1. Applying the selection to segment 491-518, what residues are at pLDDT 75 or above, over 24 Å from A437 (Cα atoms) and either touching a Pro at 6+ places or on another chain (Cβ under 8 Å) or in a helix (DSSP H, G or I) (or both)?
2. Please enumerate the residues belonging to segment 762-777 that are in contact with a Lys or Arg (Cβ under 6 Å, 6 or more places away or on another chain) and either in a strand (DSSP E or B) or among the hydroxyl-bearing types (S, T, Y) (or both).
3. On the basis of being farther than 30 Å from A597 by Cβ and modelled with pLDDT under 90, does L403 make the cut?
4. Is there a residue in segment 229-236 that is of a type in the set (D, E, K, R), crowded, with 20+ Cβ neighbours inside 10 Å and assigned to a loop (DSSP other than H, G, I, E, B)?
5. Test of understanding: among V208, V281, which residue is of a type outside the set (S, T, Y) and either modelled with pLDDT of 95 or more or outside the structural domain of G540 (by TED's automatic domain parsing) (or both)?
6. Just one of A557, A538, A565, A528 is in contact with a helix residue (DSSP H, G or I) (Cβ under 8 Å, 6 or more places away or on another chain), assigned by TED's automatic domain parsing to the domain that holds G342 and modelled with pLDDT of 90 or more; which is it?
7. Take the conditions more than 20 Å from P534 (Cβ to Cβ) and within 16 Å of the chain's Cα centre (by Cα) and apply them to V263. Does it pass?
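The values are calculated or read from the model by the stated rules, or taken from the named source; none is laboratory data. Being a predicted model, the structure only gives us computed values, none of them experimental. Neighbour counts run over all protein chains shown; Cβ positions are idealised from the backbone, glycine included.
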Amino acid sequence: MSLTIWMRRAGLLAVGLLASTAPVLLADQTADDQAGSPARTLAAAAAWSDVLEATRAPQLPPPADTESAIVVLNGPAIAAAPPAGRQEAAARIALQQATVEPALLGLGVTVNFRYRVLVNGFGIRVPAGRLELVAALPEVKAIFPVTYLAPAEASTPDPKAQPLPGAAAAAAVAPAGAHPAMIALIDAGVQPQHPWLGGGIGPDRLIVGGADFVNGNPGPQASADGRFAEAHGTELAGLVLRSPALTGLPAARVPRMVAYRVVAREFVDGRVRPLARSDRVVAAFERAVDPNGDGDLADRADVILLGVARGFDGGGPDPVRSAADAADGAGSLVVAPAGNEGPTFGATGTIAGPAASEHVLTVGAAGPGRSPRTADLDLEVGPASARLRGLPLIGPDPPEGRLPVVVLAGADGLARGDDPRDYADAQGRSRVAGAIAVVGRGGGTLADKSRAAGALGAAAVAVWDQDGAGLFPGVRAGADYPVPVIGLGARQGKALVEHPGFLATVTANATAGRRGAVPSFSSRGPTAAGRLKPDLVAPGVDVETAYPGPAGEPLVARMSGTSAAAAQVAAMALRVRADRPNLSPAEVRSLMVQGAAPLAAASAEDQGAGVARMPGAYPVALEPAVVSGVRLVTTATRLSARLHDLTGSGGRYRVGVSSRGAVLVPPGPPVTVPPGGTVEVSVTVPAGTEAVDGTLHVLADDGRTVGFAPVHFAPRVPATRSSLGRPQIRVSGDVAEARVAVGLVGANGATGARLTVAPLHAVGLWLVPAGGGAPIRMAGDKQAGDWPAGIYRFMLTRRRVDGQELPAGRYRLRVSGIAADGSTLSRESAAFLLP
């Protein structure tokens, strides 16, 4: 086996001559090293999320002979210029890119996308190991490795969706030539023949156009063989276009949609999953604000619904987020799902990417008024018996009667149960017919395990979360789960495995009625920057919507996830923009937040302002719509916001802050907002160590609250920050292996004591001659990738990516990066011999 093949199998990435992808910054955590790292504990905290294919999307494509990146050039994009100067800006950027492109082509670069409107740069593919040469070009400002985003759906596509009930009525369409409000959907492909989507694409249809950024086709239709994998786009389009928020509009004012396909089936981690590459998402954002590519943004979409979410990344630089912010500045309201990462431990939540931006309306999921489903497992072996209570239950109710328990253990340990062959013997006969099959957590989704077990006749499947916290989703799944799935924690599963021969009776517990709550899969805040997210929540469990059928057959199915919630909020925001086209994106965000209804049983980090509703006629809007930050311990914290007059007549207002039913900051002196104008207001929050969850009230002269914004100030924890371990070097032959630990420092100073995701950004790597001399940069110049918490391996040789060979001798390896709190960390290894 060659060294390069071994490195790829081990998950290693090399620097220099052996590079299989971009040096260092694209390194993956190795599976064996995660066992003792904070990353493993963090993964266990969110382990329930494997109910969804691609929920925890890999951050980077796997190592290959080529790599993809987004290259950002010096100078602003077109949208940053005032409207009168955009034609001049377009000409300047075109000339700059025409100057840079020959140099890129000379390095073997293939240009996939040219960005000019929201980002000034390119989406490129380059031979592995040459990104450092691209970074050396003087016009290049930064390089972002292409990452993955995933459809934010918490239930896999249902191939047994039901026919559309009743006769399919023709959808209302806008007459050709009309100019109603427009929404852009950035997601998987769609099936426009579905009646809920208008029956086709054209100027007189609900979907008037779009593009395929996967294959370069002119239309947004899903691939012919990807109906199930790409159902997400049709589902979200159905939720928007069939929304009750859009009813009652005359045909000339019915909003229309443009759809952009960015999701494709990617082979990652040994299986195919629907994922969206970040370079395609940025290209779709550009098209959404400038559909005809002429640099005039007057034809931009009023609302952009991003159906995909990025896994938590610690809040580092993100070109997709930059594109979303620029789209907001250009006049398009961006609505994004919070993601399906669920809760985590520590002070930082799980919302990242564009959803973490204050310029994006971020939507979490609200669940129905029932408690999670659980079951009791009564075990009998001989005269002994035991009861395991309150086990998570997913899928159909379990069968009645006593059932045998079959532990699928083999020479390689407990089977994962993702494949029907796991449940069969050497002759292909079922080992689990009529029994409860015990399998391990991880690998495929919980739905995969249920389908595989059901195919071999199992009555149920018990999933042992051997190394995790025993957290499982609280979603009642549909046809994806032919047999029930029972979740087992570490000790519960151990009892079954160590005492084979059990007979078991499974009893489903009644679900207690309660007020609406935020389901377990919905991502929470605050963000890495301390910002409260999501902004609000909407129904996201078992939501009925369109589903793509064969040959356009109209089907309906139920979906769960924050993307379903975001689609419903996007439809509400679209109606607001249709009714009040003079409002800015910031004003619409504020109205949506002010109109939300808080959930009594959920915290601000879970729900933001509450459940979305169509907003009322508030006289003022606030920017930001949600006021959040870090509360100082020893000095007061100043809270600022801007008031926008929406009445056209102005007014006098005072502002104050309440918290937990009491006045935290009394109303200050009145301020006058001019007609249609803006004024900045501020209040001072006293110092303290407790978090502040409250409301900023805008009061009229008579004392009535006429506007408000949720307030969240988290206490600062000065001792918690990223850590960077000293690089460890091991030399073997003519290659040096380096290991670098990116961990966490808790309040007591012990690594890992506080479980907070804390990656390093803008990581650089240098070889420093041990005898003195200038450091030699090996990787990291202008690369803005992140290293999440974990342990990384890579290889060093004397040959650099530019082909130059370093002299043999003694060196130290220096690694530096920017911590989550903005500080710079730098560590050097002991001296070692590079042969």
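1. Those that are at pLDDT 75 or above, over 24 Å from A437 (Cα atoms) and either touching a Pro at 6+ places or on another chain (Cβ under 8 Å) or in a helix (DSSP H, G or I) (or both): none in segment 491-518.
2. Hits for segment 762-777 are W766, V768.
3. Answer is no for this residue.
4. So far as segment 229-236 goes, yes, one or more of its residues are of a type in the set (D, E, K, R), crowded, with 20+ Cβ neighbours inside 10 Å and assigned to a loop (DSSP other than H, G, I, E, B).
5. Sole residue among the options that is of a type outside the set (S, T, Y) and either modelled with pLDDT of 95 or more or outside the structural domain of G540 (by TED's automatic domain parsing) (or both): V281.
6. A538
7. So V263 fits the description; yes.
Every residue, every condition in (1) surrounded by fewer than 17 Cβ atoms within 10 Å (Cβ to Cβ); (2) in a loop (DSSP other than H, G, I, E, B); (3) polar (S, T, N, Q), yes or no:
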residue: G209; (1), (2), (3): no, no, no
residue: V214; (1), (2), (3): no, yes, no
residue: P218; (1), (2), (3): yes, yes, no
residue: A224; (1), (2), (3): yes, yes, no
residue: V240; (1), (2), (3): no, no, no
residue: L249; (1), (2), (3): no, yes, no
